[in-house]
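Accompanying notes for the structure given below.
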Amino acid sequence: MSNHHPQGRSPTLNATHLVSRRQVLSALIGAAGALAYSAALGGTNRDLCLLTPPQTEGPYYPVQDQPEKDHDLTRVKGRPDRATGQILYILGQVLDEHCRPVEGALVEIWQAAASGRYNHPDDRDSRAPLDPNFQYWGFDTTDKEGRYSFKTVLPGPYQAGLFWTRPSHIHFKVHRRGYHELTTQMYFAGDPYLEKDRIFRAIPTAERQRVIVQPEPPGREVEPGSRVCRFDLILPPSLHP
Ligand SMILES: [Fe+2]
(Lines give C-alpha, C1' and ligand atoms only; values in the text may rest on other atoms or scores of the structure.)
Protein backbone atom coordinates (compact mmCIF):
# COMPACT_ATOMS: atom_id res chain seq x y z
CA MET A 1 0.00 0.00 0.00
CA SER A 2 1.04 3.56 -0.23
CA ASN A 3 3.04 4.96 2.56
CA HIS A 4 2.53 8.63 2.93
CA HIS A 5 1.71 8.18 6.58
CA PRO A 6 4.79 7.73 8.65
CA GLN A 7 4.64 5.22 11.48
CA GLY A 8 2.01 3.27 9.62
CA ARG A 9 -0.87 5.55 10.48
CA SER A 10 -3.55 5.94 7.92
CA PRO A 11 -6.80 7.90 7.99
CA THR A 12 -9.97 5.97 8.59
CA LEU A 13 -11.99 5.40 5.46
CA ASN A 14 -15.30 3.89 6.34
CA ALA A 15 -17.75 2.59 3.78
CA THR A 16 -20.54 5.05 4.50
CA HIS A 17 -19.40 7.59 1.97
CA LEU A 18 -19.03 4.98 -0.71
CA VAL A 19 -22.32 3.22 -0.04
CA SER A 20 -24.26 6.41 -0.28
CA ARG A 21 -22.66 7.42 -3.53
CA ARG A 22 -22.06 4.15 -5.28
CA GLN A 23 -23.44 0.95 -3.89
CA VAL A 24 -20.92 -1.32 -5.46
CA LEU A 25 -18.19 0.17 -3.31
CA SER A 26 -19.94 -0.75 -0.11
CA ALA A 27 -17.71 -3.65 0.72
CA LEU A 28 -14.35 -2.30 -0.16
CA ILE A 29 -13.25 -2.28 3.39
CA GLY A 30 -13.00 -6.03 3.32
CA ALA A 31 -10.62 -8.39 4.98
CA ALA A 32 -7.56 -7.22 3.12
CA GLY A 33 -8.26 -3.58 3.57
CA ALA A 34 -9.46 -3.60 7.14
CA LEU A 35 -6.08 -3.47 8.77
CA ALA A 36 -4.73 -0.81 6.50
CA TYR A 37 -7.72 1.42 7.02
CA SER A 38 -8.28 0.88 10.69
CA ALA A 39 -6.09 3.56 12.22
CA ALA A 40 -7.86 6.79 13.06
CA LEU A 41 -6.92 10.13 11.63
CA GLY A 42 -5.68 12.55 14.22
CA GLY A 43 -3.35 12.81 17.13
CA THR A 44 0.22 13.82 17.04
CA ASN A 45 0.93 12.60 13.53
CA ARG A 46 -1.22 15.21 11.88
CA ASP A 47 1.78 17.43 11.31
CA LEU A 48 3.76 14.65 9.65
CA CYS A 49 1.80 14.37 6.43
CA LEU A 50 4.22 14.07 3.55
CA LEU A 51 3.31 15.77 0.30
CA THR A 52 2.47 13.66 -2.73
CA PRO A 53 5.20 14.28 -5.31
CA PRO A 54 3.93 16.13 -8.40
CA GLN A 55 4.34 14.55 -11.82
CA THR A 56 4.05 15.84 -15.35
CA GLU A 57 0.59 16.08 -16.89
CA GLY A 58 1.86 14.20 -19.94
CA PRO A 59 0.66 14.60 -23.51
CA TYR A 60 -2.74 12.91 -23.23
CA TYR A 61 -4.86 15.07 -20.95
CA PRO A 62 -8.30 14.77 -22.54
CA VAL A 63 -9.19 17.37 -25.13
CA GLN A 64 -12.65 16.15 -26.09
CA ASP A 65 -15.50 16.79 -23.70
CA GLN A 66 -17.59 13.82 -22.66
CA PRO A 67 -21.19 13.74 -21.43
CA GLU A 68 -20.48 11.43 -18.50
CA LYS A 69 -18.67 13.12 -15.68
CA ASP A 70 -18.81 10.37 -13.10
CA HIS A 71 -16.39 8.13 -11.25
CA ASP A 72 -17.17 4.76 -12.83
CA LEU A 73 -14.94 4.46 -15.88
CA THR A 74 -15.85 0.83 -16.56
CA ARG A 75 -19.20 1.65 -18.14
CA VAL A 76 -20.18 3.97 -20.94
CA LYS A 77 -23.78 5.14 -21.00
CA GLY A 78 -25.85 3.34 -23.62
CA ARG A 79 -23.45 0.44 -24.04
CA PRO A 80 -24.31 -2.95 -22.53
CA ASP A 81 -20.78 -4.22 -21.96
CA ARG A 82 -18.20 -3.11 -19.48
CA ALA A 83 -14.63 -2.08 -20.21
CA THR A 84 -12.05 -4.77 -20.88
CA GLY A 85 -9.44 -5.39 -18.22
CA GLN A 86 -8.71 -5.92 -14.54
CA ILE A 87 -11.28 -4.03 -12.48
CA LEU A 88 -9.77 -1.64 -9.96
CA TYR A 89 -11.36 0.37 -7.21
CA ILE A 90 -9.30 3.34 -6.20
CA LEU A 91 -10.17 5.12 -3.02
CA GLY A 92 -8.48 7.52 -0.71
CA GLN A 93 -8.48 10.89 0.93
CA VAL A 94 -7.37 14.30 -0.20
CA LEU A 95 -5.52 15.92 2.67
CA ASP A 96 -3.58 19.13 3.18
CA GLU A 97 -0.01 19.35 4.42
CA HIS A 98 -1.22 19.05 8.01
CA CYS A 99 -3.22 15.89 7.18
CA ARG A 100 -6.51 17.78 7.38
CA PRO A 101 -9.19 16.52 4.98
CA VAL A 102 -9.83 18.79 2.00
CA GLU A 103 -13.56 18.91 1.33
CA GLY A 104 -14.99 19.83 -2.06
CA ALA A 105 -11.87 19.11 -4.08
CA LEU A 106 -12.40 18.00 -7.66
CA VAL A 107 -10.40 14.85 -8.39
CA GLU A 108 -9.94 13.96 -12.05
CA ILE A 109 -8.30 10.84 -13.43
CA TRP A 110 -7.41 9.97 -16.99
CA GLN A 111 -5.57 6.94 -18.27
CA ALA A 112 -4.97 4.43 -21.03
CA ALA A 113 -7.33 1.50 -21.55
CA ALA A 114 -6.15 -2.04 -20.77
CA SER A 115 -4.66 -2.08 -24.27
CA GLY A 116 -2.35 0.84 -23.44
CA ARG A 117 -4.21 3.23 -25.76
CA TYR A 118 -5.41 6.71 -24.80
CA ASN A 119 -8.51 8.26 -26.24
CA HIS A 120 -6.57 11.26 -27.52
CA PRO A 121 -5.90 12.44 -31.07
CA ASP A 122 -2.14 12.42 -30.43
CA ASP A 123 -2.09 8.75 -29.44
CA ARG A 124 -1.89 7.14 -32.86
CA ASP A 125 -0.71 3.69 -31.81
CA SER A 126 -2.92 1.61 -34.08
CA ARG A 127 -1.55 -1.64 -32.61
CA ALA A 128 -3.43 -0.85 -29.41
CA PRO A 129 -7.17 -0.65 -30.02
CA LEU A 130 -9.48 1.84 -28.36
CA ASP A 131 -12.02 0.30 -26.01
CA PRO A 132 -15.50 1.66 -26.82
CA ASN A 133 -16.72 0.53 -23.40
CA PHE A 134 -14.11 2.43 -21.45
CA GLN A 135 -14.64 5.94 -20.17
CA TYR A 136 -10.99 7.11 -20.22
CA TRP A 137 -11.66 10.17 -18.01
CA GLY A 138 -13.43 10.33 -14.63
CA PHE A 139 -14.41 12.82 -11.95
CA ASP A 140 -15.21 12.80 -8.27
CA THR A 141 -15.61 15.46 -5.60
CA THR A 142 -14.34 14.90 -2.10
CA ASP A 143 -16.74 14.73 0.83
CA LYS A 144 -16.37 16.26 4.28
CA GLU A 145 -13.60 13.88 5.16
CA GLY A 146 -11.78 14.43 1.90
CA ARG A 147 -12.76 11.04 0.51
CA TYR A 148 -13.00 10.19 -3.17
CA SER A 149 -13.36 6.93 -5.11
CA PHE A 150 -13.18 5.56 -8.64
CA LYS A 151 -13.97 2.31 -10.37
CA THR A 152 -11.75 1.71 -13.38
CA VAL A 153 -9.51 -0.87 -15.07
CA LEU A 154 -5.79 -1.43 -14.83
CA PRO A 155 -4.24 0.63 -17.64
CA GLY A 156 -1.86 -1.14 -19.98
CA PRO A 157 1.76 -0.07 -20.37
CA TYR A 158 2.54 1.76 -23.61
CA GLN A 159 5.44 2.65 -25.82
CA ALA A 160 6.59 6.23 -25.17
CA GLY A 161 9.72 6.05 -27.32
CA LEU A 162 11.90 3.61 -29.19
CA PHE A 163 13.42 2.12 -26.03
CA TRP A 164 10.97 3.43 -23.48
CA THR A 165 7.84 1.73 -22.23
CA ARG A 166 5.80 3.62 -19.73
CA PRO A 167 4.64 1.49 -16.78
CA SER A 168 0.94 1.22 -16.01
CA HIS A 169 -0.14 4.49 -14.44
CA ILE A 170 -3.16 6.65 -13.80
CA HIS A 171 -2.99 10.42 -14.07
CA PHE A 172 -4.52 12.48 -11.27
CA LYS A 173 -5.36 16.14 -11.11
CA VAL A 174 -6.80 17.64 -7.94
CA HIS A 175 -8.21 21.15 -7.68
CA ARG A 176 -9.81 23.06 -4.95
CA ARG A 177 -10.36 26.24 -6.76
CA GLY A 178 -8.04 28.98 -5.64
CA TYR A 179 -6.56 26.97 -2.83
CA HIS A 180 -4.89 23.74 -3.77
CA GLU A 181 -3.75 22.06 -6.91
CA LEU A 182 -1.82 18.89 -7.62
CA THR A 183 -1.06 16.93 -10.78
CA THR A 184 0.55 13.55 -10.36
CA GLN A 185 0.60 9.92 -11.53
CA MET A 186 -0.18 6.74 -9.61
CA TYR A 187 1.82 3.55 -10.26
CA PHE A 188 1.52 -0.12 -9.31
CA ALA A 189 3.89 -2.12 -7.12
CA GLY A 190 5.91 -4.73 -8.98
CA ASP A 191 5.50 -3.16 -12.43
CA PRO A 192 8.50 -4.32 -14.49
CA TYR A 193 8.72 -1.00 -16.36
CA LEU A 194 8.78 1.17 -13.28
CA GLU A 195 12.47 1.34 -12.50
CA LYS A 196 13.46 2.42 -16.00
CA ASP A 197 10.71 4.98 -16.44
CA ARG A 198 12.27 8.42 -16.66
CA ILE A 199 9.14 10.21 -15.48
CA PHE A 200 8.81 8.05 -12.37
CA ARG A 201 12.55 8.37 -11.76
CA ALA A 202 12.27 12.15 -11.77
CA ILE A 203 10.75 11.74 -8.29
CA PRO A 204 13.38 11.83 -5.53
CA THR A 205 14.11 8.27 -4.44
CA ALA A 206 12.83 8.76 -0.92
CA GLU A 207 9.47 9.97 -2.20
CA ARG A 208 8.75 7.37 -4.88
CA GLN A 209 6.81 5.00 -2.66
CA ARG A 210 4.19 7.71 -2.13
CA VAL A 211 2.90 7.27 -5.68
CA ILE A 212 2.97 3.46 -5.77
CA VAL A 213 -0.07 1.43 -4.74
CA GLN A 214 -0.44 -2.26 -3.99
CA PRO A 215 -3.76 -3.60 -5.31
CA GLU A 216 -5.48 -5.82 -2.75
CA PRO A 217 -8.35 -8.34 -2.98
CA PRO A 218 -11.71 -6.73 -2.15
CA GLY A 219 -14.35 -7.51 0.44
CA ARG A 220 -16.94 -10.19 -0.31
CA GLU A 221 -19.71 -8.04 -1.75
CA VAL A 222 -17.63 -6.75 -4.64
CA GLU A 223 -16.86 -8.81 -7.73
CA PRO A 224 -14.28 -11.36 -6.58
CA GLY A 225 -11.70 -10.74 -9.28
CA SER A 226 -11.48 -7.00 -8.68
CA ARG A 227 -8.73 -5.24 -6.77
CA VAL A 228 -8.75 -2.31 -4.39
CA CYS A 229 -6.07 0.36 -4.21
CA ARG A 230 -5.73 3.05 -1.62
CA PHE A 231 -4.17 6.29 -2.83
CA ASP A 232 -4.19 9.33 -0.59
CA LEU A 233 -3.30 12.66 -2.10
CA ILE A 234 -1.48 15.11 0.14
CA LEU A 235 -1.68 18.58 -1.35
CA PRO A 236 0.93 21.31 -1.12
CA PRO A 237 0.24 24.32 1.11
CA SER A 238 -2.65 26.51 0.15
CA LEU A 239 -2.01 29.38 -2.22
CA HIS A 240 -4.32 31.53 -0.09
CA PRO A 241 -3.96 30.56 3.56
FE1 LIG B 1 0.19 8.59 -19.32
Tabulated pairs, region 53-77, first closer than 21 Å to Val211 by Cα, second of a type in the set (Asp, Glu) and at pLDDT 95 or above, C-beta under 8 angstrom, 6+ apart or interchain: Pro53/Glu207; His71/Asp140
Within region 205-227, restricting to residues that are loosely packed, with under 13 Cβ neighbours inside 10 Å and out of contact with any helix residue (DSSP H, G or I) (no Cβ under 9 Å at 6 or more places or on another chain), the one that is nearest to Trp164 (Cα to Cα) is Thr205
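Tell me whether region 170-181 contains one or more residues that are closer than 17 Å to Gly85 by Cβ and at pLDDT 95 or above.
Within region 170-181 (the criterion being closer than 17 Å to Gly85 by Cβ and at pLDDT 95 or above), the answer is yes, since at least one residue qualifies.
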Considering residues that are buried (at least 22 other Cβ atoms within 10 Å of the Cβ) and outside any strand (DSSP E or B), the number found within region 175-197 is 0
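Go through Arg75, Arg127 for me and flag whichever is in contact with a Lys or Arg (Cβ under 8 Å, 6 or more places away or on another chain) and surrounded by fewer than 20 Cβ atoms within 10 Å (Cβ to Cβ). Walk me through how you get there before you give the answer.
On the way: Arg127 fails: in contact with a Lys or Arg (Cβ under 8 Å, 6 or more places away or on another chain).
Checking each option against the conditions leaves just Arg75.
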Inspect all residues belonging to region 189-208 and state whether any of them is among the hydrophobic types (A, V, I, L, M, F, W, C) and within 27 Å of Gly104 (Cβ to Cβ). no
Which number in (1) under 19 Å from the mean Cα position of the chain (by Cα); (2) part of a loop (DSSP other than H, G, I, E, B); (3) within 15 Å of Leu88 (Cα to Cα) marks the one condition that Pro224 misses? (1)
Index of the failed condition, Ala202 passing every other in (1) surrounded by 13 or more Cβ atoms within 10 Å (Cβ to Cβ); (2) within 16 Å of the ligand (Cβ to nearest atom): (1)
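The values are calculated or read from the model by the stated rules, or taken from the named source; none is laboratory data. Being a predicted model, the structure only gives us computed values, none of them experimental. Cβ: placed from backbone, ideal geometry, glycine included. Neighbour counts: every protein chain shown.
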